[in-house]
Amino acid sequence: MSTNTVDNQRKVTTKRLIEMKARGEKIAMLTAYDYSMAKLIDEAGMDVILVGDSASNVMAGNMTTLPMTLDQMIYHAKSVIKGTNRALVVCDMPFGSYQGNPIEALNSAVRIMKESHAEAVKMEGGAEIRESIERILSAGIPVMGHLGLTPQSINKFGTYAVRAKENAEAEKLLADAKMLEEIGCFALVLEKIPADLARRVAESISIPVIGIGAGGGVDGQVLVMHDMLGINKGFSPKFLRRYADLSSIINEAVGHYIDDVKTGDFPNESEQY
Ligand code: KIV
């Protein structure tokens, strides 16, 4: 277990994350999609586990996050919740489950909370989805915002390049971040934007700003688990730090198993009844 976090055993809540920002303690967030990995990640001392719709890419093998359904997100979140004791579990609202109107958004969020027992939802977008976020917040469901590169809008952007490099987009992002704080979001993810802008946002609002490809001037970091563990080797953006090379370890172990089965070495005398 990590030795860096204060209060290693105490349950992480949305309120605690805001307190962490206030005292300058960085927040660690990582994705998980199943029971076993969630359990390992939680036991290591993670503050927030995100059941990301990146499950579409790393679990289902899709090119984008768009195909993910509400039922699929609920399935993943339910599994993650069973493996988690301490971390706050946040579940992404999938594409198409909240953009239509506030009532549709509320119904989707209520299903996530009721059926998976996740503790908060994450939604991509600013002013365009303000009413939907407000409707969900008014039902007592905590919302984490997500600005910058928002992968559910990839077909509008046409590229996964860094966002908000131009002044107009940067100013809109800053205004959206302030609006999300004002209406009551408990935290905000900033994805793939210039580090200076991300720092400016983090310094302008009191809720925690969690970055991915947004530099070190924010209040915490999030990565996709498959990327940082080296399971997903095909994806290597500049912002990604790899903490393990699990694809080589798994490849080698599975290769040994195949050899042992083929040669008759496995099972041996002690491995049978
Ligand atoms: O779906 C996801 O994994 C995410 C993170 C990249 C923030 O939204």
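Brief remarks on what is shown
- Residues located in segment 184-226, provided they are in a helix (DSSP H, G or I) and in contact with a Ser or Thr (Cβ under 9 Å, 6 or more places away or on another chain): 225, 226
- Considering segment 90-118, and only residues there that are away from the ligand (no atom under 15 Å from the Cβ) and hydroxyl-bearing (Ser, Thr, Tyr), the residue that is nearest to residue 48 (Cα to Cα) turns out to be 116.
- The lone criterion from (1) under 18 Å from residue 178 (Cα atoms); (2) aliphatic (A, V, I, L, M); (3) within 12 Å of the ligand (Cβ to nearest atom) left unmet by residue 121 is number (1).
- Test result for residue 234, assigned to a strand (DSSP E or B), on the phi < 0 side of the Ramachandran plot and either without any contact (Cβ under 8 Å) to a residue 12 or more places away in the chain or within 16 Å of the ligand (Cβ to nearest atom) (or both): no
- The residues in segment 209-231 that are within 24 Å of residue 15 (Cβ to Cβ), out of contact with any Pro (no Cβ under 9 Å at 6 or more places or on another chain) and away from the ligand (no atom under 11 Å from the Cβ) can be counted, and the count is 2.
- Reported count of residues in segment 42-70, each being of a type outside the set (D, E, K, R) and in a helix (DSSP H, G or I), is 5.
- Residues in segment 49-102 that are in contact (Cβ under 8 Å) with a residue 60 or more places away in the chain and of a type in the set (Lys, Arg): 86 alone.
- Residues located in segment 110-169, provided they are under 13 Å from residue 98 (Cβ atoms), surrounded by fewer than 22 Cβ atoms within 10 Å (Cβ to Cβ) and of a type in the set (D, E, K, R): 111, 128, 130, 131, 134, 135
A quick yes/no check of all residues on (1) within 24 Å of residue 185 (Cβ to Cβ); (2) in the same structural domain as residue 207 (by TED's automatic domain parsing); (3) surrounded by fewer than 19 Cβ atoms within 10 Å (Cβ to Cβ):
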site: 36; (1), (2), (3): no, yes, yes
site: 39; (1), (2), (3): no, yes, yes
site: 59; (1), (2), (3): no, yes, yes
site: 64; (1), (2), (3): no, yes, yes
site: 74; (1), (2), (3): yes, yes, no
site: 101; (1), (2), (3): yes, yes, yes
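- Hey, residue 146 farther than 26 Å from residue 172 by Cα and within 12 Å of the ligand (Cβ to nearest atom) or not: no
- Taken as a whole, the structure places residue 162 among residues that are in the same structural domain as residue 108 (by TED's automatic domain parsing), among the aliphatic types (A, V, I, L, M) and in contact with a Pro (Cβ under 8 Å, 6 or more places away or on another chain).
- Among the candidates 42, 47, the residue that is acidic (Asp, Glu) and either within 16 Å of the ligand (Cβ to nearest atom) or over 16 Å from the mean Cα position of the chain (by Cα) (or both) is uniquely 47.
- Selection count, segment 190-208, where residues are within 13 Å of the ligand (Cβ to nearest atom) and of a type outside the set (Val, Ile, Thr): 3
- Checked against (1) assigned to a loop (DSSP other than H, G, I, E, B); (2) surrounded by 10 or more Cβ atoms within 10 Å (Cβ to Cβ); (3) not hydroxyl-bearing (Ser, Thr, Tyr), residue 261 passes all but a single condition, namely (1).
- Residue within segment 58-77 that is within 13 Å of the ligand (Cβ to nearest atom) and touching a Lys or Arg at 6+ places or on another chain (Cβ under 7 Å) present: no
- Counting only helices (runs of 4 or more DSSP H) that sit completely within segment 71-169, those holding 2 or more residues that are under 26 Å from residue 16 (Cβ atoms), at pLDDT 95 or above and of a type outside the set (Lys, Arg) correspond to 102-116, 130-138.
The values are calculated or read from the model by the stated rules, or taken from the named source; none is laboratory data. This is a predicted model, so every value here is computed, not measured. We place every Cβ from the backbone using ideal geometry, glycine too, and count neighbours over all the protein chains shown.
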